[in-house]
Amino acid sequence: MSLEEQKKEIESLGLKIEEKKKAKSEEKLLPPLPNAEIGKVVTRFAPNPDFVIHIGNARPAILSYEYAKMYNGKMILRFEDTDPRTKTPIKEAYDLIREDLKWLGVKPDEEYIQSLRLNIFYEIAKEMIKKGCAYVDKSGDESKKLLSNGMAPPNRNSSPEENMEEFEKMLGNYYKEGEAVLRIKTDVNHPNPSIRDWIAFRLIDTSAHPHPIVGDKYVLWPTYNFAVSVDDHLLGITHVLRGKEHELNTMKQEYIYKCMNWNMPNYIHFGRLKLEGFIMSKSYIRKIMSENPGNFLGYDDPRFGTISGLRRRGILPESIKEVILEVGIKIGDAKLSWTNLASVNRKKLDPIADRLMFVSKPVKVTVEQPSCIEAKIPLHPDKPERYRIIKVCNGDEIFIDENDLKLKKFRLMELANYEYKDGMLKFVSKGVQDARKEKLQIIHWVLAKDSKQMLIREPEGLQFKDYNGIVENYITNYNKNARLQFLRFGFIIIDNVNPLIGFLTHR
RNA sequence: GCCGCGGUAGUAUAGUCCGGUCCAGUAUGCGGGCCUCUCGAGCCCGUGACCCGGGUUCAAAUCCCGGCCGCGGCACCA
């Protein structure tokens, strides 16, 4: 069978599995959304493009997409890149996030980039100033102090006209960073100090901190809560699915909706999602990568909990989707166990991964047998029509795992039964029945003259456990990213073809 | 410290709103068996949980109060 045919085969198989799984996950429906009407639900996934996304971000992304689909609505991707200074967006991150979403099967209907919408935010800000809902505050830390004591900053009662003039000055580069902010009038006595007249716009010196998309074109930038409220409304978002770290933001945003007389979307806040044993934190990943350059393979290092890391490790997007749907929208935190993800993934991999033999602790032994034997070994136990033939003759050298050799007597899978004596592998009998009768262990093996060296790396926390082993030469029929099962070893993914390097996805 | 929110087996989740059908379902893990020329998959059996203490009630995982534990927020970050 040609490689092309094989691919088709796998695809057709993969599709079947997909269908099977779909039927299953349709049984497990997501709970209904409040106030949701078929055809009218609009959700959004709004990442900050300052890094790649991880499995925790995948939760709002997948749920937003799935709910939109469930209600025949639409889902919007919105890049929230309104801080060129402390959370500076990375130019490449926009595409990397798009790629990760595509891989996850999340297909947004529309896409927006907030840094390209600043004029819209300015217009809404002006409306709010006219309505007396916002004011320009030039008192810096003094205002902060006053507010924390429940008192009004000096400019709080300026007229809309005065504020408009000041706002234009902010826009016109009249003030420097830190000299003026636009505040939303809330309640200076609100029990939570951070809600008291929160800041909607601040000045950022973009000549010193250029934005990756708009450079130094703008100095006046909206804060998260302002930009989010305006865009959620303007883009017609009906349901916001986000982490519980935003609960307070929802309260802040309410003031905008009230002032503008807009209807608030429905909010669903869920808990934090962690993947046991994986690093997810952007800042920590960045830190260890810069502290140990050369020790990590990139943001897609299989030891990281990033989407690209899991992909590179060999996890299937359907597996991620399945566990995310399983976790659902509970407010409580969830620690996904790796065993669980691995088990879900294994079941999806099992029918599509070809089986090959790889000896992780190879010992070379010579066989002694009366004649040549041809082993016809299926590439997959369920598909006996796809196979390779390995011919073994007297005097050939074979690699066997050091632990298996201790068994002394065993069956080489699909070949024959042998006894290890005097440093030689002596032929005993051929039939598998004999092996069964004697309860011989069936072990894997690799014919030396038909083999390749391969490095398999098992991610273990921040380390790799490396296996410098020997694999069948047949592996050259597969490309980078091919997923295989090495018999009695585990599921692997080919990361590099020359030299041969793979990652152990899981056992 | 202050504000808010949670706590079902090792892990994840169903049930909690509208108390009885829950001596708590499912998946995974673990133990055993079957099947299989893999230590994978599949099939079967088993194991294992309502944070603690009070209260309300004929009846509480479900309602109320207190405690303990955990999480989130308290930015000119998102």
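The values are calculated or read from the model by the stated rules, or taken from the named source; none is laboratory data. Keep in mind it's a predicted model, so treat the numbers as computed, not measured. Cβ sites come from the backbone with ideal geometry, for glycine too, and all protein chains shown count toward neighbours. Side chains are part of the model used for accessible areas, which takes the heavy atoms of the whole protein and leaves out ligands, DNA and RNA. Shrake-Rupley method; radii C 1.70, N 1.55, O 1.52, S 1.80 Å.
Points worth noting:
- A:Ile331 being at pLDDT below 95 and open to solvent by less than 20 Å² (accessible area, probe 1.4 Å): no
- Against the list (1) away from RNA strand B (no atom under 16 Å from the Cβ); (2) in contact with a strand residue (DSSP E or B) (Cβ under 6 Å, 6 or more places away or on another chain), the condition A:Thr82 fails is (1).
- Of the residues making up segment A:336-359, those that are over 24 Å from A:Trp103 (Cβ atoms) and either more than 8 Å from RNA strand B (Cβ to nearest atom) or open to solvent by 40 Å² or more (accessible area, probe 1.4 Å) (or both) are A:Leu356, A:Met357, A:Phe358, A:Val359.
- Test: residue in segment A:89-97 that is within 41 Å of the chain's Cα centre (by Cα) and near RNA strand B (Cβ under 10 Å from one of its atoms): yes
- Pair list, Cβ < 6 Å and 6+ apart or interchain, from segment A:279-294 residues that are more than 17 Å from A:Gln463 (Cβ to Cβ) to residues that are surrounded by 13 or more Cβ atoms within 10 Å (Cβ to Cβ): A:Met280/A:His54; A:Met280/A:Gly56; A:Met280/A:Gly305; A:Lys282/A:Phe51
- When segment A:432-452 is filtered for residues that are in contact (Cβ under 8 Å) with a residue 24 or more places away in the chain, open to solvent by less than 70 Å² (accessible area, probe 1.4 Å) and over 44 Å from the mean Cα position of the chain (by Cα), only A:Ala435 remains.
- The criterion of being surrounded by fewer than 16 Cβ atoms within 10 Å (Cβ to Cβ) and aliphatic (A, V, I, L, M) holds for A:Leu29.
- Sole exception among (1) of a type outside the set (Lys, Arg); (2) in a strand (DSSP E or B); (3) open to solvent by 40 Å² or more (accessible area, probe 1.4 Å) for A:Val365, by number: (3)
- So A:Tyr257, is it among the aromatic types (Phe, Trp, Tyr) and either open to solvent by 50 Å² or more (accessible area, probe 1.4 Å) or out of contact with any strand residue (DSSP E or B) (no Cβ under 7 Å at 6 or more places or on another chain) (or both): yes
- Considering (1) near RNA strand B (Cβ under 8 Å from one of its atoms); (2) under 41 Å from the mean Cα position of the chain (by Cα); (3) not β-branched (Val, Ile, Thr), the lone condition that A:Tyr387 does not fulfil carries the number (1).
- Cβ-Cβ distances below 8 Å connect the following pairs, each with a first residue in segment A:143-154 that is open to solvent by less than 70 Å² (accessible area, probe 1.4 Å), a second residue that is within 9 Å of RNA strand B (Cβ to nearest atom) and among the aliphatic types (A, V, I, L, M), and a separation of six or more residues or different chains: A:Pro153/A:Leu147.
- Positions within segment A:234-253 being over 28 Å from the mean Cα position of the chain (by Cα) and surrounded by 15 or more Cβ atoms within 10 Å (Cβ to Cβ), in sequence order: A:Met251, A:Lys252, A:Gln253
- Residue count, segment A:258-311 (criterion: closer than 24 Å to A:Leu241 by Cβ, among the β-branched types (Val, Ile, Thr) and not in a helix (DSSP H, G or I)): 2
- The selection criterion, being in contact with a strand residue (DSSP E or B) (Cβ under 6 Å, 6 or more places away or on another chain), over 25 Å from A:Ile195 (Cα atoms) and assigned by TED's automatic domain parsing to the domain that holds A:Lys74, holds for A:Asp109.
- Just one of the listed residues (A:Asp216, A:Asp205, A:Asp187) is of a type in the set (Asp, Glu) and in contact (Cβ under 8 Å) with a residue 24 or more places away in the chain, namely A:Asp205.
- Qualifying residue in segment A:264-273 (condition: free of Cβ contacts under 8 Å to residues at least 60 places away in the same chain, within 16 Å of RNA strand B (Cβ to nearest atom) and over 15 Å from the mean Cα position of the chain (by Cα)): yes
- Only one entry of A:Tyr112, A:Tyr175 meets the criterion of being among the aromatic types (Phe, Trp, Tyr), within 14 Å of RNA strand B (Cβ to nearest atom) and open to solvent by less than 40 Å² (accessible area, probe 1.4 Å), and that entry is A:Tyr175.
- Residues in segment A:292-335 that are of a type in the set (Gly, Ala, Ser) and within 16 Å of RNA strand B (Cβ to nearest atom) were compared, and the one that is nearest to A:Arg483 (Cα to Cα) is A:Gly314.
- Qualifying positions in segment A:271-305 - loosely packed, with under 14 Cβ neighbours inside 10 Å, modelled with pLDDT under 90 and touching a Ser or Thr at 6+ places or on another chain (Cβ under 9 Å): A:Glu276
- Answer from A:Gly277, A:Gly309 - the residue that is under 25 Å from A:Glu80 (Cα atoms) and within 20 Å of the chain's Cα centre (by Cα): A:Gly309
- Extreme residue, most open to solvent (accessible area, probe 1.4 Å), among residues of segment A:312-325 that are assigned to a helix (DSSP H, G or I) and touching a strand residue (DSSP E or B) at 6+ places or on another chain (Cβ under 9 Å): A:Arg312
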